[in-house]
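Here is the structure we will look at, set down as structure tokens.
Readers should treat all values here as calculations from the given coordinates under stated rules, not as data from a laboratory. A quick note: this is a predicted structure, and the numbers were derived from the prediction, not measured. As a convention, Cβ positions derive from the backbone with ideal geometry for all residues, glycine included, and neighbour counts pool all protein chains shown.
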Amino acid sequence: MDADVVAGGGDPGRADDRGKAENAESEIGASAAGSKIDVAYVAQLARVELTAEETALFQSQLGKVLEHASRLRELDLEGVEAAAHAFPVYDVLRPDEPRPGLTQEEALRNAPRTAHGLFIVPKVVE
């Protein structure tokens with residue numbers, strides 16, 4: 001395991017860690033007051049290092065978000081049609097039609113380096 005992983009040290013692929021993630025998912029459905037989602041554990045899974053102050057702040061913010069979500073569950077939505085968007089979404093793209101492109105010479109014309117009709121680029125992966 002990498003040394004930069006946040007305290008807790010679990011391997012995200014281990015069965016006991018998956019069980020903990022599943023428990024966190026089920027707790028999301030619980031009331032916000034009883035929410036026990038472990039921000040430090042979620043940060044570890046995301047490989048994000050948090051200070052104690054950040055963890056406490058995010059835990060508080062998450063609690064407020066979940067509290068608001070639980071209030072939304074109390075709304076009477078009988079007869080309200082489900083929608084992904086507030087306004088209808090239409091495909092405004094032009095039809096996909098073939099058009100002439102550049103020739104090989106035109107494409108390579110402004111390249112800083114070429115060889116045998118190919119672009120020469122610096123190595124970026126070591």
Exercise. Using a basic spin-label model with each label point 7 Å from the Cα along Cα→Cβ, how many nm lie between Q104 and V121?
Worked result: 1.9 nm
Seminar exercise, completed: Given backbone amide H placed at 1.01 Å from N, residues whose amide H is under 5 Å from that of T114, ignoring those fewer than 5 places away on the same chain, are I120
Problem set entry | Approximate spin-label separation R47-L77, in nm, with each point projected 7 Å along Cα-to-Cβ | 3.5 nm
Exercise. Once phi is turned into ³J(HN,Hα) by the Karplus curve 6.51 cos²θ - 1.76 cosθ + 1.60 with θ = phi - 60°, what whole-Hz value does each residue of segment 59-75 show in order, with x for glycine and proline?
Worked result: 5, 5, 5, 4, x, 5, 5, 5, 5, 5, 4, 5, 5, 5, 5, 7, 5
For this session: Assuming a ≥ b ≥ c are the square roots of the Cα gyration tensor eigenvalues, decide whether segment 37-94 counts as rounded (a/c under 1.5), prolate (otherwise, with a/b larger than b/c) or oblate.
Result: oblate
Problem set entry | Note, ³J(HN,Hα) from phi for segment 114-119, Karplus 6.51, -1.76, 1.60, rounded to Hz, x at Gly and Pro | 9, 7, 6, x, 10, 6
For this session: Enumerate the calculated ³J(HN,Hα) couplings along segment 86-100 in order (Karplus 6.51 cos²θ - 1.76 cosθ + 1.60, θ = phi - 60°), each rounded to whole Hz, writing x wherever the residue is Gly or Pro.
Result: 5, 10, x, 10, 10, 6, 9, 7, 5, x, 7, 10, x, 9, x
Exercise. Chymotrypsin sites (Phe, Trp or Tyr not before Pro) within segment 32-126: which are DSSP loop residues with at most 14 other Cβ atoms inside 10 Å?
Worked result: Y90
